[in-house]
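Structure record follows, encoded as structure tokens.
The values are calculated or read from the model by the stated rules, or taken from the named source; none is laboratory data. From a predicted model like this one, the values you see are computed outputs, not experimental measurements. Backbone-built Cβ (ideal geometry, glycine too); neighbour counts: all protein chains shown.
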Amino acid sequence: MSTLFHNAPPAHAASLTRRILNQGKYEASTMLRNGEQLVLMVVMPLLGLIALVATPLLDDMGHSRVAIAAPGILALCALSTAFTGQGIATGFDRRYGVLRFMSTTPLGKGGLIAGKVIAVLAALALQVVLISTVAAFMGWRPPLAGVLLGIPLLILGAAAFTAIGLLIAGTVRPEATLAITNLGWILFAAVGGIVLPAGKFSSALEAYVQWLPSGALGNLMRAALIESRLDVWGLIILLAWGVAAAIAAVKWFKWN
Amino acid sequence: MSPRDLWHRRDVAEPGKIPKWLAYNGRVTKTLSPALEISGLIKDVGPLPALDGRMKRVVSNISLTAHFGQVTALLGANGAGKTTTIECAQGLQNRTGGSISLLGQDPEHADAALRSRVGVMLQDGGLPPAARPIALLRHVAGLYQNPLSVDALVERLGINEFSDTNIRRLSGGQKQRVALAASLLGNPEVLFLDEPSAGLDPQSRIMVFELIRELRDAGKAIILTTHLLDDAQRLADYVYIVDKGESVAAGTVQELLESSTAAMEQRAMTFEATPSLDVSALLRPGLECSETRPGSYVLTGPLEPADLARFGAWCERAHVMPTSVHLASKSLEDVFLAISDGAATVAPVSAHRNSHSTVIS
């Protein structure tokens, strides 16, 4: 066995693509093997979808229950995976020095973040397939144009929430990240306009909620998947959140 | 074939001839220059609320050079600035002032090519607790084009006994070995080990120390930090003593030990034999002998080889068979304490110090 290493050359870094793909695969499999994450990423959105379709909450809104519910639940998936799941995982990786160790390997800091983005997108893709299939069985038939518009918008939403999650994970203690991102998930999901249009509760609330990243993503997804329409105002708000959080994260993210 | 071959790619160097491992691959042609050179390093941290928002200078003036084929130790108390220094060298922290050259490059702008030639073991390990060692090591290996075999490393470091156990369930010593394996996967030319013996049980310690010596013999530059004098004494070819953010002394262990003449004058020999012996034949001007308790004798002063010869002759003549004989000289601890206390002279050596004592019977 040791002859294999006799005169072994010093290793070279794997190619950038391979490093990033390997890291993405590793992070995604870590995410999917974590029970709590699975509850957050799969069970909660599925329960939400079933509850909204089974109850009369969304009646009298001009469309079938599932047509209104499904876009919001897909937006919720992005919130679960990119913001809460990714935020918590990164916060604890930071605590345990995993971020520092990995940044000394050929992967580096840039590769680490690229790997996280890939992991989030891979997990999100699985969620979308699962939720869409279940919704289809419930009679969801989104317009094709709306689907083509909705996919990049969901990716943009995931990117914005990843940036916000990383900003929190990189600046406060992991316990605080855990609390903030879980509380954020509940508040965004319940009254943040992501699952249900905020106008459902009160118009006063709606005026504020549309400025939130959750409200913006919820409105964007519903406009796209119900009416095949691009909600330009929502797009601007979501982009602004994403860019601001990314800049702040680059500036203030602490690796240790 | 011995597991030593895992690392070993050095032919015995002949004087005046560049050894094969140095010229290896055309890539390491500059390796005759130091692996790491730090000059006048300054590092401020903060602003800290405890200092009314001012910065704190944790490293004020550290210079060091680490060569290939040597273990270079940064020795100092906790908080002396050792970890900060090597984290600046690893590119994990940006320095405030001074210069650092790692394999001829500035680590602050380390690219993947430079990182692939440098192995890092962090003080806290940097391992994800939920991962299994084997999965983690395979993943890290995947970041290199031609890594060392994970299986061979796992076997060499005895990780196979717990390679499928979650890292959070491992003991400190087991985690430390996994972190060491992770740092070695790229067969690095430069290896940073931050407190490598922390949390190690005696067996792991022997295993890890043997491995470090092997890596050194294979021509790697190893830079380690430790607050344990024993580690430095046992492992290091060259020691930098770091105190309050400054490198205050440097040298081989031997040079540091000889740096104070007091040490040479304060050698001590203890021996045990039958009580109430006449020891006057052992004495000469400058040497003293006392029986500290019945049958236990201490001979202090500037002991020389001739004194040992006289001791042997005296034993023969007086028909004394000592049950034990210890020679003790100053340990690195004395140098360390003398320097970090700022004391001008080194404290006298305790005759009963165990470290760095030579047992001759």
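Every residue, every condition in (1) free of Cβ contacts under 8 Å to residues at least 24 places away in the same chain; (2) small (G, A, S); (3) in the same structural domain as B:L235 (by TED's automatic domain parsing), yes or no:
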position: B:L48; (1), (2), (3): yes, no, yes
position: B:K56; (1), (2), (3): yes, no, yes
position: B:A77; (1), (2), (3): no, yes, yes
position: B:K82; (1), (2), (3): no, no, yes
position: B:L102; (1), (2), (3): no, no, yes
position: B:L122; (1), (2), (3): no, no, yes
position: B:G125; (1), (2), (3): no, yes, yes
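Criterion first (within 29 Å of the chain's Cα centre (by Cα) and either outside the structural domain of B:G98 (by TED's automatic domain parsing) or touching a residue at least 60 places away in the same chain (Cβ under 8 Å) (or both)) does B:V279 satisfy it? The answer is no for B:V279.
In the set A:I164, A:I186, A:I168, A:I151, only one residue is over 25 Å from A:A248 (Cβ atoms) and either acidic (D, E) or assigned to a helix (DSSP H, G or I) (or both); that residue is A:I151. Of a type in the set (G, A, S) and out of contact with any strand residue (DSSP E or B) (no Cβ under 9 Å at 6 or more places or on another chain): does that describe B:G251? Judged against the criteria, B:G251 is not a match. Screening segment B:91-166 for helices (runs of 4 or more DSSP H) wholly inside it with 2 or more residues that are within 8 Å of chain A (Cβ to nearest Cβ) and touching a strand residue (DSSP E or B) at 6+ places or on another chain (Cβ under 8 Å) returns the ranges B:112-115. When the test is whether a residue is touching a strand residue (DSSP E or B) at 6+ places or on another chain (Cβ under 7 Å), under 30 Å from B:G81 (Cβ atoms) and not charged (D, E, K, R), B:L200 does not pass it. Taking residues in segment A:225-242 that are in contact (Cβ under 8 Å) with a residue 24 or more places away in the chain, and partners anywhere that are of a type in the set (F, W, Y), the pairs with Cβ atoms closer than 8 Å and at least 6 places apart or on different chains are A:I237/A:W211.
Candidates are the residues of segment B:300-326 that are surrounded by 12 or more Cβ atoms within 10 Å (Cβ to Cβ) and in contact (Cβ under 8 Å) with a residue 40 or more places away in the chain; the one that is farthest from B:R284 (Cα to Cα) is B:S324.
Note on segment A:79-109: among residues that are charged (D, E, K, R) and more than 19 Å from the chain's Cα centre (by Cα), the one that is nearest to the other protein chains (Cβ to nearest Cβ) is A:R100.
Looking at B:G158, B:G219, B:G251, which is the one that is closer than 24 Å to A:G97 by Cα and of a type in the set (G, A, S)?
Of the residues listed, the single one that is closer than 24 Å to A:G97 by Cα and of a type in the set (G, A, S) is B:G158.
Any residue at all in segment A:137-145 that's in contact (Cβ under 8 Å) with a residue 12 or more places away in the chain and over 27 Å from A:A75 (Cβ atoms)? Scanning segment A:137-145 turns up no residue that is in contact (Cβ under 8 Å) with a residue 12 or more places away in the chain and over 27 Å from A:A75 (Cβ atoms).
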